[in-house]
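Single-structure report; data block below.
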Amino acid sequence: MSQSMFEIRRVFQTQREPISTVNEGKHSIANAVREYGYDQLIDNINHMLDKEAGRSGMRNTSVNLQHNAADYLSASFTSRIQPVMREEAVLSILQFAVQTKCLDQTVLQAVHLADNYCRYNNSIQPAFMRIIYAMALEISIKMNEQMVLSLEDIASLFENRFSQSMLVNLERHILSINNFRVYAATPLDFVINLLYLEKDILSGGSYRLEPDEIVNDTLPLLHYSMSQYNLSRKKYSSIAVAAICHFLQEVHREIQAEQQ
(Lines give C-alpha, C1' and ligand atoms only; values in the text may rest on other atoms or scores of the structure.)
Protein backbone atom coordinates (compact mmCIF):
# COMPACT_ATOMS: atom_id res chain seq x y z
CA MET A 1 0.00 0.00 0.00
CA SER A 2 1.16 3.53 -0.66
CA GLN A 3 2.34 5.70 2.21
CA SER A 4 0.64 8.94 3.23
CA MET A 5 2.18 12.31 2.45
CA PHE A 6 1.22 13.44 5.93
CA GLU A 7 1.00 11.88 9.36
CA ILE A 8 -2.56 10.62 9.72
CA ARG A 9 -4.44 12.33 12.54
CA ARG A 10 -8.01 12.07 13.68
CA VAL A 11 -9.97 14.89 12.07
CA PHE A 12 -13.24 14.59 13.98
CA GLN A 13 -13.77 14.73 17.74
CA THR A 14 -17.29 13.40 17.32
CA GLN A 15 -18.80 11.40 14.50
CA ARG A 16 -20.80 13.44 12.01
CA GLU A 17 -24.25 12.56 10.74
CA PRO A 18 -24.31 9.77 8.12
CA ILE A 19 -24.11 11.01 4.56
CA SER A 20 -27.42 9.73 3.20
CA THR A 21 -26.73 10.63 -0.43
CA VAL A 22 -24.06 7.95 -0.66
CA ASN A 23 -25.24 5.58 2.07
CA GLU A 24 -28.82 4.79 1.00
CA GLY A 25 -29.58 1.39 -0.40
CA LYS A 26 -28.36 -2.12 0.28
CA HIS A 27 -25.03 -1.92 -1.49
CA SER A 28 -22.02 -2.26 0.81
CA ILE A 29 -18.59 -1.59 -0.70
CA ALA A 30 -16.90 -3.80 1.88
CA ASN A 31 -19.36 -6.65 1.37
CA ALA A 32 -18.95 -6.36 -2.37
CA VAL A 33 -15.21 -6.84 -2.31
CA ARG A 34 -15.47 -9.70 0.20
CA GLU A 35 -18.39 -11.62 -1.22
CA TYR A 36 -18.85 -10.74 -4.87
CA GLY A 37 -15.44 -9.64 -6.13
CA TYR A 38 -14.21 -6.93 -8.45
CA ASP A 39 -17.10 -6.80 -10.95
CA GLN A 40 -19.74 -6.50 -8.26
CA LEU A 41 -17.65 -3.84 -6.51
CA ILE A 42 -17.54 -1.68 -9.63
CA ASP A 43 -21.26 -2.22 -10.24
CA ASN A 44 -22.12 -1.13 -6.69
CA ILE A 45 -19.88 1.92 -6.84
CA ASN A 46 -21.47 3.03 -10.09
CA HIS A 47 -24.94 2.48 -8.68
CA MET A 48 -24.18 4.71 -5.67
CA LEU A 49 -22.79 7.42 -7.95
CA ASP A 50 -25.90 7.09 -10.11
CA LYS A 51 -28.16 7.62 -7.10
CA GLU A 52 -26.05 10.55 -5.90
CA ALA A 53 -26.44 12.28 -9.27
CA GLY A 54 -30.22 11.76 -9.16
CA ARG A 55 -30.31 9.33 -12.04
CA SER A 56 -32.22 6.05 -12.11
CA GLY A 57 -32.60 3.11 -14.44
CA MET A 58 -30.67 0.00 -15.36
CA ARG A 59 -27.29 -0.45 -13.75
CA ASN A 60 -24.51 -0.47 -16.31
CA THR A 61 -20.84 -0.52 -15.35
CA SER A 62 -19.80 0.88 -18.74
CA VAL A 63 -21.52 4.23 -18.15
CA ASN A 64 -19.45 7.10 -16.75
CA LEU A 65 -21.47 8.36 -13.80
CA GLN A 66 -19.00 10.95 -12.56
CA HIS A 67 -20.27 14.50 -12.07
CA ASN A 68 -18.83 16.98 -14.60
CA ALA A 69 -18.53 20.46 -13.12
CA ALA A 70 -18.12 23.59 -15.24
CA ASP A 71 -14.69 24.43 -16.62
CA TYR A 72 -14.53 27.72 -14.77
CA LEU A 73 -10.95 28.58 -15.77
CA SER A 74 -11.81 28.46 -19.46
CA ALA A 75 -15.18 30.13 -18.97
CA SER A 76 -13.91 33.03 -16.84
CA PHE A 77 -10.30 33.50 -17.89
CA THR A 78 -10.05 32.00 -21.43
CA SER A 79 -6.32 31.32 -21.77
CA ARG A 80 -5.21 33.83 -19.14
CA ILE A 81 -5.08 31.27 -16.32
CA GLN A 82 -4.08 27.72 -17.23
CA PRO A 83 -4.79 24.61 -15.11
CA VAL A 84 -1.05 24.22 -14.53
CA MET A 85 -1.03 27.58 -12.70
CA ARG A 86 -3.68 26.31 -10.32
CA GLU A 87 -1.81 23.05 -9.88
CA GLU A 88 1.39 24.89 -8.97
CA ALA A 89 -0.52 27.01 -6.45
CA VAL A 90 -2.07 23.93 -4.82
CA LEU A 91 1.26 22.10 -4.70
CA SER A 92 2.89 25.12 -3.08
CA ILE A 93 0.47 25.00 -0.12
CA LEU A 94 0.77 21.21 0.05
CA GLN A 95 4.53 21.62 0.40
CA PHE A 96 4.07 24.25 3.10
CA ALA A 97 1.63 21.96 4.91
CA VAL A 98 4.14 19.10 4.86
CA GLN A 99 6.78 21.35 6.41
CA THR A 100 4.45 22.67 9.13
CA LYS A 101 2.57 19.37 9.72
CA CYS A 102 -0.86 20.81 9.06
CA LEU A 103 -3.86 18.52 9.26
CA ASP A 104 -4.91 17.03 5.94
CA GLN A 105 -8.34 18.52 6.50
CA THR A 106 -6.79 21.99 6.80
CA VAL A 107 -5.18 21.71 3.38
CA LEU A 108 -8.25 20.29 1.65
CA GLN A 109 -10.48 23.03 3.06
CA ALA A 110 -7.97 25.63 1.90
CA VAL A 111 -8.07 24.25 -1.65
CA HIS A 112 -11.87 24.36 -1.55
CA LEU A 113 -11.90 28.00 -0.41
CA ALA A 114 -9.41 29.07 -3.07
CA ASP A 115 -11.16 27.11 -5.83
CA ASN A 116 -14.47 28.77 -5.00
CA TYR A 117 -12.79 32.16 -5.03
CA CYS A 118 -11.41 31.49 -8.51
CA ARG A 119 -14.74 30.07 -9.66
CA TYR A 120 -16.75 33.15 -8.74
CA ASN A 121 -14.23 35.94 -9.26
CA ASN A 122 -13.32 36.48 -12.90
CA SER A 123 -11.04 39.44 -12.23
CA ILE A 124 -8.11 37.35 -10.96
CA GLN A 125 -4.72 37.84 -12.60
CA PRO A 126 -2.28 34.93 -13.08
CA ALA A 127 0.33 36.53 -10.82
CA PHE A 128 -2.11 36.29 -7.89
CA MET A 129 -2.85 32.55 -8.04
CA ARG A 130 -0.26 31.47 -5.47
CA ILE A 131 -1.05 34.21 -2.99
CA ILE A 132 -4.77 33.38 -3.23
CA TYR A 133 -4.15 29.74 -2.28
CA ALA A 134 -1.70 30.80 0.44
CA MET A 135 -4.29 33.12 1.96
CA ALA A 136 -6.91 30.36 1.78
CA LEU A 137 -4.50 28.17 3.75
CA GLU A 138 -4.03 30.98 6.29
CA ILE A 139 -7.81 31.10 6.79
CA SER A 140 -8.06 27.32 7.12
CA ILE A 141 -5.19 27.22 9.62
CA LYS A 142 -7.06 29.73 11.79
CA MET A 143 -10.07 27.42 11.81
CA ASN A 144 -8.32 24.07 12.36
CA GLU A 145 -4.85 24.43 13.85
CA GLN A 146 -3.14 25.47 17.08
CA MET A 147 -0.40 27.20 15.10
CA VAL A 148 -0.70 30.71 13.67
CA LEU A 149 0.27 31.71 10.14
CA SER A 150 0.47 35.48 10.39
CA LEU A 151 0.12 37.98 7.59
CA GLU A 152 3.71 38.98 8.27
CA ASP A 153 4.76 35.36 7.64
CA ILE A 154 2.86 35.27 4.34
CA ALA A 155 4.28 38.58 3.23
CA SER A 156 7.76 37.29 4.03
CA LEU A 157 7.16 34.05 2.12
CA PHE A 158 6.35 36.15 -0.95
CA GLU A 159 9.39 38.39 -0.42
CA ASN A 160 7.17 41.31 0.69
CA ARG A 161 5.71 41.76 -2.79
CA PHE A 162 2.28 42.09 -1.18
CA SER A 163 1.51 44.57 1.58
CA GLN A 164 -0.24 43.45 4.74
CA SER A 165 -3.19 45.74 4.00
CA MET A 166 -3.58 44.06 0.62
CA LEU A 167 -3.50 40.63 2.32
CA VAL A 168 -6.18 41.73 4.80
CA ASN A 169 -8.43 42.81 1.93
CA LEU A 170 -7.76 39.55 0.07
CA GLU A 171 -8.64 37.52 3.17
CA ARG A 172 -11.93 39.40 3.52
CA HIS A 173 -12.72 38.95 -0.16
CA ILE A 174 -12.06 35.18 -0.05
CA LEU A 175 -14.36 34.84 2.96
CA SER A 176 -17.03 37.00 1.32
CA ILE A 177 -16.98 35.05 -1.95
CA ASN A 178 -17.31 31.82 0.07
CA ASN A 179 -20.21 33.32 2.09
CA PHE A 180 -18.06 32.71 5.21
CA ARG A 181 -18.59 28.95 4.84
CA VAL A 182 -15.17 27.84 6.05
CA TYR A 183 -16.16 24.30 7.10
CA ALA A 184 -17.39 22.87 3.82
CA ALA A 185 -17.22 19.08 3.53
CA THR A 186 -14.09 17.83 1.77
CA PRO A 187 -13.30 14.46 0.15
CA LEU A 188 -11.69 13.43 3.45
CA ASP A 189 -14.98 14.04 5.27
CA PHE A 190 -16.73 11.64 2.93
CA VAL A 191 -13.97 9.02 3.22
CA ILE A 192 -14.10 9.06 7.03
CA ASN A 193 -17.89 8.94 7.18
CA LEU A 194 -18.14 6.11 4.67
CA LEU A 195 -15.47 4.03 6.41
CA TYR A 196 -16.85 4.47 9.91
CA LEU A 197 -20.32 3.61 8.72
CA GLU A 198 -18.79 0.31 7.51
CA LYS A 199 -16.44 -0.09 10.48
CA ASP A 200 -17.92 -3.34 11.81
CA ILE A 201 -17.83 -5.02 8.43
CA LEU A 202 -14.34 -3.81 7.60
CA SER A 203 -12.84 -4.95 10.90
CA GLY A 204 -14.64 -8.30 10.95
CA GLY A 205 -13.80 -11.52 9.16
CA SER A 206 -10.50 -13.15 8.35
CA TYR A 207 -9.13 -10.18 6.38
CA ARG A 208 -9.22 -7.34 8.91
CA LEU A 209 -9.33 -3.77 7.59
CA GLU A 210 -9.10 -0.89 10.05
CA PRO A 211 -10.73 2.43 8.98
CA ASP A 212 -7.64 4.42 10.02
CA GLU A 213 -5.46 2.27 7.78
CA ILE A 214 -7.74 2.84 4.80
CA VAL A 215 -7.94 6.60 5.46
CA ASN A 216 -4.14 6.73 5.64
CA ASP A 217 -3.80 5.00 2.27
CA THR A 218 -6.41 7.13 0.54
CA LEU A 219 -4.82 10.45 1.58
CA PRO A 220 -2.24 10.64 -1.26
CA LEU A 221 -5.05 9.97 -3.76
CA LEU A 222 -7.20 12.72 -2.22
CA HIS A 223 -4.37 15.25 -2.31
CA TYR A 224 -3.46 14.32 -5.87
CA SER A 225 -7.09 14.58 -7.00
CA MET A 226 -7.48 18.01 -5.44
CA SER A 227 -4.26 19.22 -7.09
CA GLN A 228 -5.48 18.25 -10.55
CA TYR A 229 -7.90 20.73 -12.09
CA ASN A 230 -10.06 18.20 -13.96
CA LEU A 231 -10.33 15.83 -10.99
CA SER A 232 -10.93 18.55 -8.41
CA ARG A 233 -14.14 19.58 -10.21
CA LYS A 234 -15.74 16.21 -9.57
CA LYS A 235 -18.13 15.81 -6.65
CA TYR A 236 -16.14 15.40 -3.46
CA SER A 237 -18.16 12.31 -2.55
CA SER A 238 -17.20 10.80 -5.92
CA ILE A 239 -13.52 11.50 -5.27
CA ALA A 240 -13.85 9.82 -1.88
CA VAL A 241 -15.61 6.75 -3.30
CA ALA A 242 -13.00 6.47 -6.05
CA ALA A 243 -10.16 6.58 -3.49
CA ILE A 244 -11.82 3.91 -1.34
CA CYS A 245 -12.54 1.86 -4.45
CA HIS A 246 -8.86 2.01 -5.43
CA PHE A 247 -7.80 0.80 -1.98
CA LEU A 248 -10.31 -2.06 -1.99
CA GLN A 249 -9.22 -3.09 -5.48
CA GLU A 250 -5.70 -3.44 -4.06
CA VAL A 251 -7.12 -5.53 -1.21
CA HIS A 252 -9.03 -7.66 -3.71
CA ARG A 253 -5.84 -8.31 -5.68
CA GLU A 254 -4.00 -9.25 -2.48
CA ILE A 255 -6.78 -11.70 -1.54
CA GLN A 256 -6.62 -13.26 -4.99
CA ALA A 257 -2.83 -13.55 -4.80
CA GLU A 258 -3.04 -15.28 -1.40
CA GLN A 259 -5.59 -17.76 -2.72
CA GLN A 260 -3.46 -18.81 -5.69
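The values are calculated or read from the model by the stated rules, or taken from the named source; none is laboratory data. In this text the structure is predicted, and so the values were computed from the model without any measurement. FYI the Cβ positions are ideal-geometry reconstructions off the backbone, even for glycines, and counts take in every protein chain you see. The area values use the complete protein model at the heavy-atom level, side chains included, leaving out ligands, DNA and RNA. Shrake-Rupley method; radii C 1.70, N 1.55, O 1.52, S 1.80 Å.
Answer with yes or no whether residue 199 is out of contact with any helix residue (DSSP H, G or I) (no Cβ under 6 Å at 6 or more places or on another chain), on the phi < 0 side of the Ramachandran plot and open to solvent by 10 Å² or more (accessible area, probe 1.4 Å).
On the way: out of contact with any helix residue (DSSP H, G or I) (no Cβ under 6 Å at 6 or more places or on another chain): no; on the phi < 0 side of the Ramachandran plot: yes; open to solvent by 10 Å² or more (accessible area, probe 1.4 Å): yes.
Spelling it out, it is not the case that residue 199 is out of contact with any helix residue (DSSP H, G or I) (no Cβ under 6 Å at 6 or more places or on another chain), on the phi < 0 side of the Ramachandran plot and open to solvent by 10 Å² or more (accessible area, probe 1.4 Å).
What pairs come up if the first residue lies in region 103-129 and is outside any helix (DSSP H, G or I), the second is modelled with pLDDT under 90 and acidic (Asp, Glu), and their beta carbons are under 8 Å apart, counting only those six or more places apart or on different chains?
So the pair list comes out as 103/145.
Residue check: is residue 96 of a type in the set (Phe, Trp, Tyr), open to solvent by 20 Å² or more (accessible area, probe 1.4 Å) and not in a helix (DSSP H, G or I)? Spell out how you get there, then give the answer.
Working: of a type in the set (Phe, Trp, Tyr): yes; open to solvent by 20 Å² or more (accessible area, probe 1.4 Å): yes; not in a helix (DSSP H, G or I): no.
Answer is no for this residue.
Here's the yes/no breakdown for (1) within 20 Å of residue 93 (Cβ to Cβ); (2) not aliphatic (A, V, I, L, M):
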residue	(1), (2)
197	no, no
211	no, yes
222	yes, no
230	yes, yes
242	no, no
249	no, yes
255	no, no
258	no, yes
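Tell me which residues, restricted to region 229-260, are among the polar types (S, T, N, Q) and either assigned to a helix (DSSP H, G or I) or touching a Leu at 6+ places or on another chain (Cβ under 7 Å) (or both).
Let us first name the residues in region 229-260 that are among the polar types (S, T, N, Q), namely 230, 232, 237-238, 249, 256, 259-260.
Correct list: 230, 232, 237, 238, 249, 256, 259.
Which of the numbered conditions does residue 159 fail, given that it passes all the others? Conditions: (1) farther than 29 Å from residue 70 by Cβ; (2) in a helix (DSSP H, G or I); (3) among the charged types (D, E, K, R).
(2)
Say we look at region 130-149 and pick out the residues that are assigned to a loop (DSSP other than H, G, I, E, B) and open to solvent by 30 Å² or more (accessible area, probe 1.4 Å); which of these is nearest to residue 233 (Cα to Cα)?
Going through region 130-149, the residues assigned to a loop (DSSP other than H, G, I, E, B) turn out to be 145-149.
With open to solvent by 30 Å² or more (accessible area, probe 1.4 Å) added as a condition, the list becomes 145-148.
On the way: 145: 26, 146: 30, 147: 30, 148: 30 Å.
Taking the candidates together, the pick is 145.
Take region 202-224 and flag every residue that is in a helix (DSSP H, G or I) and either charged (D, E, K, R) or open to solvent by 20 Å² or more (accessible area, probe 1.4 Å) (or both). I'd like the intermediate steps shown before the answer.
At the first step, the residues of region 202-224 found to be in a helix (DSSP H, G or I) are 202-203, 211-224.
Correct list: 203, 212, 213, 216, 217, 220, 221, 224.
Every residue in region 130-180 that is within 15 Å of residue 102 (Cα to Cα) and among the basic types (Lys, Arg), please.
If the condition is that a residue be within 15 Å of residue 102 (Cα to Cα) and among the basic types (Lys, Arg), then 142 is the only one that fits.
Consider region 168-201. How many of its residues are closer than 24 Å to residue 133 by Cβ, touching a residue at least 12 places away in the same chain (Cβ under 8 Å) and not in a helix (DSSP H, G or I)?
Count: 6.
Looking at residue 259 and the list (1) open to solvent by 60 Å² or more (accessible area, probe 1.4 Å); (2) closer than 30 Å to residue 128 by Cβ, which single condition is not satisfied?
(2)
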